[in-house]
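Asks: My questions will all concern the structure given below.
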Amino acid sequence: MKNIYFLGECMVELRAMSEATLHQSFAGDVYNSAVYLKRSFAQISTSVVTALGQDNLSKKMLERFKSEQLDTQFVFAHDTKVPGMYYIETDEHGERSFIYWRSDAAAKKIVDFLTPDLVEQLSQGDMFFFSGISLAVIEEGARERFWQIVTQLKNAGVKIVFDPNYRARLWKNTEETKAQYHLAFSVADITLPGVEDLATLYNVHSVDAVIEYLQKYKIEEIVVKNGPASVVTKHDNTLQSHTIIPVKNVVDTTSAGDAFNGVYLGARLSGLTIENAVQLAAKAAGAVIQQPGAIVPKDIFQLAMAEAAI
Ligand code: ADP
């Protein structure tokens, strides 16, 4: 059985439905990707690597992971910390605004839980995924250990996958981000950047400029996402441009990129070509943006994927 590990943070989501009603769910980039991968490729063992607390919301979150058939061996319960949380509100013009409480979240401690024995277990995996958000969440003092772990996994033959997913507010300054991203690109076998993510950091504003920028790294597989405009891939020096069919009824683009990543990686682990993996991933992202929220109802998602069968 193929397996993939997603390291990062899942948060408690509170969505304002009306003046007096909040809808509570769970979301976070790596978790979203894990869910969409597992829903599309049930035969791939899909693990979330994170730290929660011992509170009731953490227990519910863990139950949610299990109900999505995710492997939870690497989900740890911190003694005193609790999960991060965010509140999301949409105004009358459809503009979303967020408030976050995550600076002291349990997930910041994830590296502390990864004992040498567990790292040994991770190094039996096929893929290990982390994002720019995962990097920002890991405590500064744990970064050195994190990079040692990633290097150990790479040396053991695990494919390292990185999505820069840049969120300026999570970083002290762009120098800090660039230093961490440099380490990530240096070790990545696969990267899935969005053009927008890299624009502010490296002054690259097109797919070509992103590919050009990444040229200096030895990344086997580059997948550049550019909204509805296109996806461009580079593998073995072959550049391919893939056409995306724009969705007319876009309701909420939250987690489009996450769904894309999960399904793309699941497809690649299942032996699909890059071309077919992109088509399937784009179909998944297209289905997700036609529904509100990061995680869309399972039946709606699976119906869309069944229609896309490649
Ligand atoms: P992110 O969510 O990381 O910012 P993008 O906006 O590039 O990433 O979207 C990720 C993927 O979602 C795209 O590669 C594309 O497949 C799909 N997508 C995004 N917007 C649209 C759209 N309007 N119509 C169809 N597909 C879309």
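Asks: What percent does the relative contact order of the range 145-275 come to when contacts are Cα pairs within less than 8 Å and at least six residues apart? List each step's numbers first, then the result.
Replies: Values: 153 pairs, mean separation 21.9, N = 131.
Across the range 145-275, relative contact order equals 17 percent.
Asks: Something else: Tell me the relative contact order for the range 152-199 as a rounded percent, counting alpha carbon contacts under 8 Å between residues six or more apart.
Replies: Details: 39 pairs, mean separation 25.8, N = 48.
After rounding, I find 54 percent.
Asks: Please give the FRET efficiency for Glu175 paired with Lys154, using the beta carbon to beta carbon distance and R0 = 25 Å, rounded to the nearest 0.05. Present the calculation step by step, with values, prior to reporting the outcome.
Replies: Numbers: r = 25 Å, r/R0 = 1.00.
The formula returns an efficiency of 0.50 here.
Asks: Among the listed pairs Lys66/Lys234; Lys66/Lys248; Lys38/Lys109; Lys66/Lys216; Lys108/Lys248, which are separated by more than 30 Å between their Cα atoms?
Replies: Working: Lys66/Lys234 35 Å; Lys66/Lys248 34 Å; Lys38/Lys109 25 Å; Lys66/Lys216 40 Å; Lys108/Lys248 38 Å.
Check vs 30 Å cut-off fails for Lys66/Lys234; Lys66/Lys248; Lys66/Lys216; Lys108/Lys248.
Asks: Given the convex hull over the Cα atoms of the range 1-155, what projected area results after averaging over all orientations, in nm²? Please list the in-between numbers first.
Replies: Numbers: hull surface 40.6 nm².
The Cα convex hull of the range 1-155, projected and averaged over all directions, gives 10.1 nm².
Asks: Rounded to the nearest 5, what is the percent of antiparallel bridges among the DSSP beta bridges in the range 178-276? Provide the component values of the computation, followed by the final result.
Replies: Details: 11 of 15 bridges.
Within the range 178-276, antiparallel bridges account for around 75 percent of the total.
Asks: Moving on. Run the Debye formula on the Cα coordinates of the range 161-310, all scatterers equal and no solvent, and tell me log10 I(q)/I(0) at q = 0.09, 0.14, 0.16 1/Å.
Replies: -0.28, -0.68, -0.88
Asks: Provide the percentage of antiparallel DSSP beta bridges, counting only those with both residues in the chain; round to the nearest 5. List each step's numbers first, then the result.
Replies: Details: 24 of 51 bridges.
DSSP beta bridges in the chain are roughly 45 percent antiparallel.
Asks: Given a cut-off of under 8 Å on Cα pairs at least six residues apart, what relative contact order in percent is computed for the chain? Intermediate results must be reported in sequence, preceding the final value.
Replies: Details: 597 pairs, mean separation 48.1, N = 310.
It rounds to 16 percent for the chain.
Asks: Quick one: what does P(r) look like for the range 21-94 with 5 Å bins over all Cα pairs, in whole %?
Replies: 3, 14, 24, 22, 16, 11, 7, 3, 1
Asks: Count neighbours as other Cβ atoms within 10 Å of each site's Cβ, and list the trypsin sites (Lys or Arg not before Pro) in the range 248-310 that are DSSP loop with at most 14 such neighbours.
Replies: Values: sites: Lys248, Arg268, Lys283, Lys298; in loops: Lys248.
Those satisfying the criteria are Lys248.
Asks: Which shape class applies to the range 194-241: rounded if a/c is under 1.5, otherwise prolate when a/b exceeds b/c and oblate if not, where a ≥ b ≥ c are the square roots of the Cα gyration tensor eigenvalues?
Replies: Working: a/c = 2.26, a/b = 1.20, b/c = 1.88.
Oblate, because a/c is 1.5 or more while a/b does not exceed b/c.
Asks: I'd like to know which of Met305, Tyr87, Leu269 lies farthest towards the positive end of the charge dipole of the chain, counting +1 on Cβ of Lys and Arg and -1 on Cβ of Asp and Glu.
Replies: Comparing the listed Cα positions along the dipole, Leu269 ranks first.
Asks: Return the distance in nm (one decimal) between the two label points of a simple spin-label model at Leu303 and Ser123, each offset 7 Å from Cα along Cα→Cβ.
Replies: Result for the modelled spin labels: 4.8 nm.
Asks: Still on this model: Using only the Cα atoms of the chain, what do you get for the radius of gyration and for Dmax, in Å?
Replies: Calculated on Cα positions, Rg and Dmax stand at 18.3, 55 Å.
Asks: Considering only the other residues whose Cβ falls under 13 Å of the Cβ of Phe301, what net charge follows from Lys and Arg at +1 and Asp and Glu at -1?
Replies: Numbers: positive: Lys38, Arg39, Lys283, Lys298; negative: Glu68, Asp258, Asp299, Glu307.
Value of the local net charge: 0.
Asks: Using a ≥ b ≥ c from the Cα gyration tensor of the range 138-230 (square roots of the eigenvalues), is it rounded, prolate or oblate, where a/c under 1.5 gives rounded and otherwise the larger of a/b and b/c decides, a/b for prolate?
Replies: Numbers: a/c = 2.16, a/b = 1.27, b/c = 1.70.
The shape class here is oblate.
Asks: Once you order the gyration tensor axes a ≥ b ≥ c over the Cα atoms, which shape class does the range 65-207 get: rounded for a/c under 1.5, otherwise prolate or oblate by comparing a/b with b/c? Show your work: numbers first, answer last.
Replies: On the way: a/c = 1.70, a/b = 1.20, b/c = 1.42.
Oblate shape, in that a/c is at least 1.5 and b/c is the bigger or equal ratio.
Asks: Of all accessible surface on the range 194-273 at a 1.4 Å probe, what whole percent is carbon and sulfur? Let's see the in-between values first.
Replies: On the way: 2050 of 3980 Å².
The C+S portion of the solvent-accessible surface of the range 194-273 is 51 percent.
Asks: Report, for the range 1-158, the % of DSSP beta bridges that are antiparallel, rounded to 5. Provide the component values of the computation, followed by the final result.
Replies: On the way: 13 of 29 bridges.
That works out to approximately 45 percent antiparallel.
Asks: Leaving ligands, DNA and RNA out of it, report the carbon-plus-sulfur percent of the accessible area of the range 1-147 at a 1.4 Å probe. Can you show the working numbers first?
Replies: Numbers: 3160 of 6550 Å².
Carbon and sulfur atoms account for 48 percent of the accessible area of the range 1-147.
Asks: Heavy-atom accessible area per residue, the chain, 1.4 Å probe: how many Å²? Each step should come with its number before you reach the end.
Replies: Details: 14040 Å² over 310 residues.
Averaged over the residues of the chain, the accessible area is 45 Å².
Asks: Ok, one more. Calculate how large, on average over all directions, the projected area of the Cα convex hull of the range 15-56 is; give the answer in nm² to one decimal. Spell out each step's value before the answer.
Replies: Details: hull surface 18.3 nm².
Here the figure is 4.6 nm², rounded to one decimal.
Asks: Can I ask one more? I'd like the GluC sites (Glu not before Pro) in the range 67-168 restricted to DSSP loop residues with at most 11 other Cβ atoms within 10 Å, sorted by number. Don't skip to the answer; put the middle values down first.
Replies: Working: sites: Glu68, Glu89, Glu92, Glu95, Glu120, Glu139, Glu140, Glu144; in loops: Glu68, Glu92, Glu95, Glu139.
Passing sites in the range 67-168 are Glu92, Glu95.
The values are calculated or read from the model by the stated rules, or taken from the named source; none is laboratory data. Being a predicted model, the structure only gives us computed values, none of them experimental. Don't worry about glycine lacking a Cβ; one is built from the backbone with ideal geometry, like all the others, and counts go over all protein chains shown. Ligands, DNA and RNA are stripped out before the accessible areas are found, and what is left, the full protein with its side chains, is counted by its heavy atoms. Shrake-Rupley method; radii C 1.70, N 1.55, O 1.52, S 1.80 Å.
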